[in-house]
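Please read the structure below before turning to the comments.
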Amino acid sequence: MNDDDRRLIAESLGGRRESFGALVTRYQTRLYNAAVRLVDSPEDASDVVQDAFLNAYQSLRSFKGDAEFFTWLYRIAFNTAISLKRKKKATLSLDASRNGEYRDQPREPIDASEYVKPGAALERSEEEALLRAALARLSSEHRDVLLMKDIDGLKYEEIADVLDVPIGTIRSRLHRARLELRELLGPLEDDRPPLIEEPNDESNCER
């Protein structure tokens with residue numbers, strides 16, 4: 001953990017709320033960007049980030065400082081996002097049992113063709129849409145690891161800490177996720193550069 005985070009945490013524990021506010025300012029954008037990829041909704045991502053920071057503030061004394069503060073914060077946000085998705089899924093199931101059908105249909109795997117129709121560029125670039133479509137087709141355990149490593153830039157050790165699984169499992173999931181993603185993107189990437197490249201880090205992986 002860097003010295004400035006350590007200082008701000010110590011000051012927060014000493015009663016200086018503005019010091020925790022400085023931590024919020026430092027990490028809220030990065031955490032939000034991660035959260036919106038986990039829950040796929042700006043509104044839900046905002047709720048996740050707010051709840052994560054509140055939980056972190058209330059649990060700050062339990063932070064031992066043996067990992068980066070952001071890693072600890074990311075783990076709180078990840079668990080919050082998982083809980084939110086489960087809650088929303090349960091609500092959909094309850095609606096279905098009451099009405100005989102879903103009020104809001106569960107999201108089907110994203111069809112990449114939907115994102116090349118006129119108007120889609122108003123929300124995101126075509127390349128981002130194709131990548132998003134492919135990611136949506138991965139299993140949750142593969143998608144989460146891929147997002148953490150290749151998009152959010154977490155180290156293997158940090159991902160293992162967030163997911164509470166061995167590093168070997170992280171490596172295996174990541175390898176499979178990259179292969180699946182390349183296969184999904186292959187037909188879409190004819191005549192264009194790869195949307196996501198295989199990081200050249202396997203020979204010098206973090207230990």
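Modelled label positions at Val165 and Ser46, each set 7 Å beyond Cα in the direction of Cβ, lie 3.3 nm from each other. Per-residue SASA remark: Thr29, around 90 Å² accessible (1.4 Å probe; ligands, DNA and RNA not included).
The values are calculated or read from the model by the stated rules, or taken from the named source; none is laboratory data. What you are looking at is a predicted structure, and each value in this text was computed from that prediction instead of being measured. Please note: Cβ atoms are built from the backbone with ideal geometry, for glycine as well, and neighbour counts cover all protein chains shown. Surface accessibility is based on the protein's heavy atoms, side chains included, excluding ligands, DNA and RNA. Shrake-Rupley method; radii C 1.70, N 1.55, O 1.52, S 1.80 Å.
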